[in-house]
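The structure under discussion appears below in the form of structure tokens.
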Amino acid sequence: MELFKAEVYKKRRSQLKEKVNNGIILITGNSESSMSYPANTYKFRQDSSFLYYFGLNIPDYVGVIDIDNNKEIIFANDIDIDDIIWMGSQPSVKELSAKVGIEETHKFSDLFDFIKNNKNRKIHFFPPYRGNNKILLSKLLDIPISKLKEKASIELIKASVSLRSVKSDLEIAEIEKACEIGYKMHTTAMKMAKPGIVEQEIAGTIEGIALSYGNLISFPVILSQNGETLHNHHHNQILTEGRLLLVDCGAENKMNYCSDNTRTFPVGGKFSDKQKKVYETCLKANVECIKAIKPNVFYKDIHFLAAKIIVEGLKEIGIMKGNVDEAVKAGAHTLFMPHGLGHMMGLDVHDMEDYGEDFVGYDNEIKRSSEFGTAYLRLAKKLQPGFVLTVEPGIYFIPELISKFKNEGKYFEFVNYDLLEHEYLDFGGIRIEDDVLVTETGYRVLGKPIPKTVKDIEELMSK
Ligand code: GLY
Ligand code: MN
């Protein structure tokens, strides 16, 4: 288990205490999760809030911060002789807790008395997302499971979002380690993408690369010749010359910081002229949106910059027509990019999404749109130095969406449906995604650059 120095966790907890101000903060770590019978478990993934404030990457730990009495406590059990026989020995809860600056520890069951003795005080907790923590919190706090989400502490969520959103240099270095693994995954996929190979062979190989560096993928690998399906987890097709392959994947480094990149490239290594034109448009959106990143800019405005560049490019190709600004205003771009430009990234690939997306990507200044497409924008608020986010424009040809919009009589002044239906229904989809740090003056793209120009991709694939 890799940890930062104890001071890092102490400082995070003291900042959290200051922001939440009073009451008790209760942060439940995760338990093992079973695959097919109780003892047969998935690889353990600790809760990200627990990792951030208490660091320990071990199941069945609960951290408590008693703000009013200035106490920090870990509730967990030492392992017994049976555990040692099957899993080896491990330092005591006391020793482990000391590594993250916690002196007071109690056995897990004491948590029930602790909460009972403090039941008249405000107890802050995050919305639980795993079944066992829902049951635990429901029992501890006597709140029905169905009400836990609404009873979660908004003060705690907002305080934690403000801390976790701004990454320290230590954290950025960890994210870059995850990006290094992502680089290897993506360049391996490019080299493997030859006609005749099955998608699953590549998906399995690149997942193995993530595992070989000590941790899991940051989300299930998206890898498909049907890139128009945004989160395509079916990897059963045989690669065919002439088609595009979309690969969206990332890794977690040893400290569970994430990477998330997407590349799209031609099976066999050569873009056709038709693919190149759409690809260059998507790439321009990726590059120009990255360049637009700096503090105090609304990410929603950068999202709409992508929309504009995509409409301009598609207009040049002849797929779209009419006035570009009016097309974007009307939402015609959502036929081709029905998702948001990006999201925050850190200990979670969609950072802190368990708190509720709107707490992370929106604030008092900006509310989520209910319009098709724009409603999927996870990050819209003003950027601050230290934010790490993804920039992931896409251009997709989704046959069902094309016929739906056409049947609804939508966007006839902006969309050339004839050309679309005759030439693009089997095109697939393109997405190009990078991970970017907002700096004091602008931006820095994280990780070693994964080839993304037509020239660089074709060069790598020809090797
Ligand atoms: N890369 C997957 C996602 O951002 O949803
Ligand atoms: Mn992403």
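Close amide H pairs (under 5 Å, H built 1.01 Å from N) link residue 122 with 24, residues at least 5 positions away or on another chain.
Phi-derived couplings, Karplus 6.51 cos²θ - 1.76 cosθ + 1.60 at θ = phi - 60°, listed residue by residue for the stretch 112-124: 5, 5, 4, 5, 4, 5, 10, 5, 8, 9, 6, 10, 8 Hz, with x used for Gly and Pro. Remark: accessible surface ordering of 315, 107 (largest first) is 107, 315, probe radius 1.4 Å. The lysines whose alpha-carbon is closer than 20 Å to the alpha-carbon of residue 270, local same-chain residues fewer than 8 away aside, are 191, 194, 284, 452, 455, 463.
Net charge within 11 Å of residue 138 by Cβ-Cβ distance, Lys/Arg positive one each and Asp/Glu negative one each, not counting residue 138 itself?
On the way: positive: 134, 139, 147, 151; negative: 142.
After counting each charged neighbour, the total is +3.
Angle of helix 169-192 to the longest C-alpha principal axis of the chain, folded into 0 to 90 degrees and rounded to 10: 40°. Seen from residue 241, the other residues with C-beta closer than 12 Å to its C-beta sum to a net charge of +3, counting Lys and Arg as +1 and Asp and Glu as -1. Of all aspartates and glutamates in the structure, those lying under 18 Å Cα to Cα from residue 122, and not within fewer than 8 positions of it along the same chain, are 18, 66, 68, 72, 113, 142, 150, 155. Under the combined filter of DSSP loop state and at most 15 neighbouring Cβ atoms within 10 Å, the stretch 171-269 retains these GluC sites (Glu not before Pro): 241. What do you get for the angle between helix 273-291 and the principal long axis of the chain? Use alpha-carbon atoms, 0 to 90 degrees, nearest ten. For helix 273-291, the angle is close to 40 degrees.
Roughly how compact is the stretch 86-142, stated as its Cα Rg over 2.2 N^0.38 Å to two decimals?
Taking the Cα Rg and dividing by 2.2 N^0.38 Å, one obtains 1.40.
Given a 1.4 angstrom probe, what's the average accessible area per residue across the stretch 11-54, in square angstrom? So the stretch 11-54 comes to 44 Å² accessible per residue, rounded to a whole number. Using the Karplus relation 6.51 cos²θ - 1.76 cosθ + 1.60 with θ = phi - 60°, the per-residue 3J(HN,Hα) values for the stretch 357-367 come to 4, 5, 5, 8, x, 9, 7, 5, 7, 9, 9 Hz, with x marking Gly and Pro.
Among the protein heavy atoms of the chain, carbon and sulfur supply 51% of the accessible surface, probe 1.4 Å, non-protein parts ignored. Solvent-accessible surface of protein heavy atoms, probed at 1.4 angstrom with all chains present, puts 355, 42 in the order 42, 355, largest first.
A crude spin-label estimate for the pair residue 316 and residue 80, with each label 7 Å from Cα along the Cβ direction, gives 7.0 nm.
What is the local net charge at residue 118, summed over the other residues whose Cβ is closer than 15 Å to its Cβ (Lys, Arg +1; Asp, Glu -1)?
Result for the local shell: -2.
Taken along its three principal axes, the alpha carbon spread of the stretch 46-105 comes to 41, 22, 16 Å, from the longest extent down to the shortest.
Once the Cα-Cα distance is subtracted from the 0.36 nm per residue extended length, the residue 36 to residue 229 segment shows a gain of 66.5 nm. Relative to one another, the C-alpha centroids of the stretch 331-403 and the stretch 86-120 are positioned 39 Å apart. Kirkwood's formula applied to the C-alpha pairs of the chain gives a hydrodynamic radius of 23.8 angstrom.
Over 17 Å apart: what share of the alpha carbon pairs of the stretch 73-211 falls there, rounded to a whole percent? Above the 17 Å cut-off, the stretch 73-211 has 77 percent of its Cα pairs.
How large is the dipole of the chain about the Cα centre if only Lys and Arg carry +1 and Asp and Glu carry -1, each at its Cβ, rounded to the nearest 20 debye?
Magnitude of the dipole: close to 640 debye.
The stretch 138-168 and the stretch 47-61 have Cα centres spaced 15 Å apart. Entry for the stretch 308-407 at q = 0.12, 0.20, 0.22 Å⁻¹: log10 I(q)/I(0) = -0.47, -1.05, -1.16, Debye formula applied to identical alpha-carbon scatterers, no solvent contribution.
Against the empirical 2.2 N^0.38 Å scaling, what ratio does the C-alpha Rg of the stretch 136-217 come to?
So the Cα radius of gyration is 1.74 times the expected 2.2 N^0.38 Å.
Per-residue Karplus couplings for the stretch 194-202, computed as 6.51 cos²θ - 1.76 cosθ + 1.60 with θ equal to phi - 60°, are listed in order as 10, x, x, 7, 8, 3, 4, 4, 6 Hz, Gly and Pro entered as x.
Shape class for the stretch 387-463, computed from the alpha carbon gyration tensor (a ≥ b ≥ c): oblate, with a/c not under 1.5 and a/b at or below b/c. Rolling a 1.4 Å probe over the protein heavy atoms leaves residue 280 with an accessible area of roughly 90 Å². Residue ranking by accessible heavy-atom surface, 1.4 Å probe, largest first, among 363, 142, 78 comes out as 142, 78, 363.
The values are calculated or read from the model by the stated rules, or taken from the named source; none is laboratory data. In this text the structure is predicted, and so the values were computed from the model without any measurement. So basically every Cβ, Gly included, is an ideal-geometry build from the backbone, and we count neighbours across all protein chains shown. The protein model used for the area step is the full one, side chains on, heavy atoms only, and it has no ligands, DNA or RNA in it. Shrake-Rupley method; radii C 1.70, N 1.55, O 1.52, S 1.80 Å.
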